[in-house]
Amino acid sequence: QVQLVESGGGLVQPGGSLRLSCAASGSISSIYAMGWYRQAPGKQRELVAGIIIDGRTNYADSVKGRFTISRDNAKNTVYLQMNSLKLEDTAVYYCNADAVVDYWGQGTQVTVSS
């Protein structure tokens with residue numbers, strides 16, 4: 001079992017920045033990859049950024065150059081630094097852990113609005 005707790009969401013103006021955190025606990029050694037997904041109202045959940053065990057990362061085209069995923073192995077925490085936020089980045093952001101079975105956090109709301 002893996003438990004994920006997200007934090008860091010909130011309200012920000014266009015062009016602003018936020019950093020999301022996802023703290024993992026439980027069977028950490030079973031995790032192969034972690035990622036951030038988001039789901040906007042009326043839309044499907046989509047992958048925003050991912051990082052696998054060897055450190056390689058991947059990003060959705062819509063966030064490349066603006067978002068950065070990173071991890072702190074000592075803290076068992078994955079971060080998503082979001083810069084130059086746009087209105088269309090508004091969504092609930094979910095942390096995911098791929099440990100053969102998918103685990104999900106509870107989600108954190110990010111609202112970009114002027």
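For the chain, the fraction of 1.4 Å probe accessible surface lying on carbon and sulfur atoms is 49 percent.
Peptides 90-101, 12-23, 44-55 ranked from most to least packed by the mean count of surrounding Cβ atoms within 10 Å: 90-101, 12-23, 44-55. In segment 10-70, one over the average inverse separation of all distinct C-alpha pairs is 13.4 Å, which is the Kirkwood hydrodynamic radius.
On a per residue basis, the chain carries 53 Å² of accessible surface, using protein heavy atoms and a 1.4 Å probe.
Multiplying each eigenvalue of the alpha-carbon gyration tensor of the chain by 5 and taking the square root yields semi-axes of 23, 14, 13 Å, largest first, rounded to whole angstroms. Relative contact order for the chain: 38 percent, from Cα pairs under 8 Å spaced at least 6 residues apart, divided by residue count.
Available extension along the chain between Lys43 and Gln13 is 8.6 nm, counting 0.36 nm per residue and deducting the alpha carbon span.
Can you give the FRET efficiency to the nearest 0.05 for Thr111 and Thr57, using r as the Cβ-Cβ distance and R₀ = 35 Å? The calculated FRET efficiency here is 0.90.
The values are calculated or read from the model by the stated rules, or taken from the named source; none is laboratory data. All figures in this text were calculated on a predicted structure; none of them were measured in a lab. Methodologically, a virtual Cβ is constructed for each residue, glycine included, from the backbone with ideal geometry; neighbour enumeration extends over all protein chains shown. What goes into the accessible areas is simple: the full protein's heavy atoms, side chains included, and nothing from ligands, DNA or RNA. Shrake-Rupley method; radii C 1.70, N 1.55, O 1.52, S 1.80 Å.
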